[in-house]
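Participant: I'd like to ask some things about the structure below.
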Amino acid sequence: MKWLMALGLTLLIPAQLVSQFWTDAGLQVEFAGQMGWLYVDPADNSLYCGGLLIENWSSPEQSFHYAVLQDGEWSLGPPMDHYAWTFANYHDTLFMAGGFNYINDQFTSSVVYRTDSEWVSAGVFSDFVNQLKVVDDELYALGAFTSIDGAPIKGLAKWTGNGWVSMGLNCNFCNAIDLVEYNGRLVVSGTLTFPGYRHIVQLVNGEWLPVGQEGIMGGLSAGGPVAVYQGDLFLGGLIHLSAGNAGHALMRWDGSAWHQVGEGLQDENNAAGQSIKVRGLLVHDDLLYVCGGFSYAGHVPAERLATWDGTQWCSVGGTYGDREIYSMIFYNDTLYTAPGGEVVIDGVPIHGVAKFTGAAYENHCSGSTSVAEPFVSPPVHLVALGTGLYVLQGTWNKGQLSLYNSTGQLVVTHSVQSGVPLDLGALPRGVYVARLPDGSSQRFVCQ
């Protein structure tokens, strides 16, 4: 009997060591795919959830819904022909936008507002809307549209009370994602292409100019969420360090230059994987919350979700598998995330939305990265010698040099040694980014 009791205690110990951070939030819908922005309406303290939420498969033309959580109970909005993605309360009126055109079989276009419990069209948009955002008591719509009510308006529009006006975002291609005010200027991010710069711009004296010299560098890139934290502008998205950017998936702008945030974000291999991106940024209780598709933050395991306090990265906790977190929000002082789909977190099946129920955050932290080392090695530089020859100079011995073209594609790698000339004369003329042996990057023009 004693050995049976001992075996029973032994079997119980592993279960007691498993940390449980998340539970299912109770969303009831047949299918939950990619999720939109979670939003709390301050008018009645209700949590709104949009995205690919489908109910009643037998009615394909009117099978999409949004969901509302209030007083602990979920309810579904009326049937729509496509997704609702974003919500905003402006002057005590709730607005909703997305990719839909019909609600309850009535044409509304992609932006509506609610009055007397009914959704009313707020204009005919030529394409979908990614986000509604209230900034400095103004309501903005951001998306891929090129006209509203027949008037040419690209990507960004401001509500006047009875219609929309253009903000002059005349990109070659405009798919605006997020908007914030920083240092008295509007800043817009997204997939935004201008001659010579892209993806993150600011409004300066009526003209949209890049934040930094070129915005985000690299052809396979895009701007995502933006937030202001501790006086700096933070930008997430599809951002590649190898293309010459300061950070990977996330960067910080201090008003004059872009910087990496601590030791940055990493993929499942604890490296700068090409596919990881930041989906959401949220400032709460003096912390910056970051969510997306990463697996490490500051080289500390932090699956899909981490916090930054200005000096170090810390994990929140939870095992999300291969599912990204699309959105997050605090509702009644509890953190909710929207990984979408069917996912198992900490061994618990989650349907669309997860709710944090742990006693505390995991708080595995990277340690401070703000204190300078007593000795900093001089940076490595690629120096042109002429006739296609280059040499690497700096305090290192030997390593690998990787060269990327202007679209972020790897062109060639070389084993290099300090002071030994390198022949790059066979490269086509153009702008390249060199990933140097010390991990830094340098842009150069091959003549």
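The values are calculated or read from the model by the stated rules, or taken from the named source; none is laboratory data. All of these numbers come straight from a predicted model, not from anything done at the bench. Cβ coordinates were reconstructed from backbone atoms using ideal geometry, including for glycine residues, and neighbour counts include every protein chain displayed.
Participant: Would you please name the residue that is surrounded by the most Cβ atoms within 10 Å (Cβ to Cβ), looking only at residues in the stretch 50-78 that are under 22 Å from Thr115 (Cβ atoms) and hydrophobic (A, V, I, L, M, F, W, C)?
Facilitator: Applying the filter and picking the extreme gives Phe64.
Participant: Same structure again: State all residues of the stretch 335-347 that are under 14 Å from Gly317 (Cα atoms) and in a strand (DSSP E or B); if no residue qualifies, say none.
Facilitator: Answer for the stretch 335-347, where residues must be under 14 Å from Gly317 (Cα atoms) and in a strand (DSSP E or B): Leu335, Tyr336, Thr337, Val344, Ile345.
Participant: Between Ala97, Ala144, Ala84, Ala157, which is of a type in the set (A, V, I, L, M), touching a His at 6+ places or on another chain (Cβ under 9 Å) and without any contact (Cβ under 8 Å) to a residue 60 or more places away in the chain?
Facilitator: Just a single option satisfies the conditions, and that option is Ala84.
Participant: Yes or no: the stretch 281-301 includes at least one residue that is among the aromatic types (Phe, Trp, Tyr), in contact (Cβ under 8 Å) with a residue 12 or more places away in the chain and in a loop (DSSP other than H, G, I, E, B).
Facilitator: Yes: one or more hits.
Participant: Within the set of pairs 6 or more residues apart or between chains, which connect a residue that is assigned by TED's automatic domain parsing to the domain that holds Gly399 and among the aliphatic types (A, V, I, L, M) inside the stretch 414-443 to a residue that is loosely packed, with under 14 Cβ neighbours inside 10 Å and at pLDDT 80 or above with Cβ atoms less than 6 Å apart?
Facilitator: none
Participant: Is it the case, given these coordinates, that Leu281 is modelled with pLDDT of 95 or more, crowded, with 22+ Cβ neighbours inside 10 Å and farther than 16 Å from Val228 by Cα?
Facilitator: Answer is no for this residue.
Participant: Evaluate the stretch 198-215: report whether one residue or more is closer than 17 Å to Gly264 by Cα, within 15 Å of the chain's Cα centre (by Cα) and surrounded by 19 or more Cβ atoms within 10 Å (Cβ to Cβ).
Facilitator: No, because not a single residue in the stretch 198-215 is closer than 17 Å to Gly264 by Cα, within 15 Å of the chain's Cα centre (by Cα) and surrounded by 19 or more Cβ atoms within 10 Å (Cβ to Cβ).
Participant: Please indicate, with yes or no, whether at least one residue in the stretch 193-214 is of a type outside the set (Asp, Glu), in contact with a Cys (Cβ under 7 Å, 6 or more places away or on another chain) and more than 15 Å from Lys277 (Cα to Cα).
Facilitator: yes
Participant: Just to be sure I understand, how many residues within the stretch 87-120 are part of a strand (DSSP E or B) and of a type outside the set (A, V, I, L, M)?
Facilitator: 14
Participant: List, please: which pairs have Cβ atoms under 6 Å, are six or more places apart or on different chains, and start with a residue in the stretch 116-130 that is over 21 Å from Thr160 (Cβ atoms) and end with one that is among the hydrophobic types (A, V, I, L, M, F, W, C)?
Facilitator: Taking only residues 6 or more apart or on different chains, the pairs are Phe128/Ala144.
Participant: Examine the stretch 322-329 for a residue that is out of contact with any Asp or Glu (no Cβ under 8 Å at 6 or more places or on another chain) and surrounded by fewer than 16 Cβ atoms within 10 Å (Cβ to Cβ), and state whether such a residue exists.
Facilitator: Yes, that holds for at least one residue.
Participant: Okay, next question. Is it the case, given these coordinates, that Asp127 is touching a Phe, Trp or Tyr at 6+ places or on another chain (Cβ under 7 Å), surrounded by fewer than 17 Cβ atoms within 10 Å (Cβ to Cβ) and assigned by TED's automatic domain parsing to the domain that holds Asn170?
Facilitator: Yes; evaluated as a whole, the condition is true for this residue.
Participant: Would you be able to tell me the number of residues in the stretch 306-320 that are part of a loop (DSSP other than H, G, I, E, B) and in contact (Cβ under 8 Å) with a residue 24 or more places away in the chain?
Facilitator: Going through the stretch 306-320 one residue at a time, the tally reaches 8.
Participant: Among the residues in the stretch 52-67, are any under 27 Å from Pro339 (Cβ atoms), at pLDDT 95 or above and in contact with a Cys (Cβ under 8 Å, 6 or more places away or on another chain)?
Facilitator: Yes, the stretch 52-67 contains a residue that is under 27 Å from Pro339 (Cβ atoms), at pLDDT 95 or above and in contact with a Cys (Cβ under 8 Å, 6 or more places away or on another chain).
Participant: Further, regarding this structure: Scan the stretch 221-266 residue by residue and report those that are of a type in the set (Gly, Ala, Ser), within 26 Å of Val411 (Cβ to Cβ) and assigned to a strand (DSSP E or B).
Facilitator: Those that are of a type in the set (Gly, Ala, Ser), within 26 Å of Val411 (Cβ to Cβ) and assigned to a strand (DSSP E or B): Ala222, Gly223, Gly237.
Participant: Please determine whether any residue of the stretch 34-46 is closer than 18 Å to Lys355 by Cα and free of Cβ contacts under 8 Å to residues at least 12 places away in the same chain.
Facilitator: Scanning the stretch 34-46 turns up no residue that is closer than 18 Å to Lys355 by Cα and free of Cβ contacts under 8 Å to residues at least 12 places away in the same chain.
Participant: Just need a number here: residues in the stretch 320-353 that are farther than 18 Å from Thr86 by Cβ and either more than 19 Å from the chain's Cα centre (by Cα) or not assigned by TED's automatic domain parsing to the domain that holds Lys277 (or both).
Facilitator: Of the residues in the stretch 320-353, 13 are farther than 18 Å from Thr86 by Cβ and either more than 19 Å from the chain's Cα centre (by Cα) or not assigned by TED's automatic domain parsing to the domain that holds Lys277 (or both).
Participant: Show me the strands (runs of 3 or more DSSP E) entirely contained within the stretch 124-204 in which 1 or more residues are of a type in the set (Gly, Ala, Ser) and modelled with pLDDT of 95 or more.
Facilitator: Those strands (runs of 3 or more DSSP E) span 138-143, 156-159, 164-166, 173-182, 185-194.
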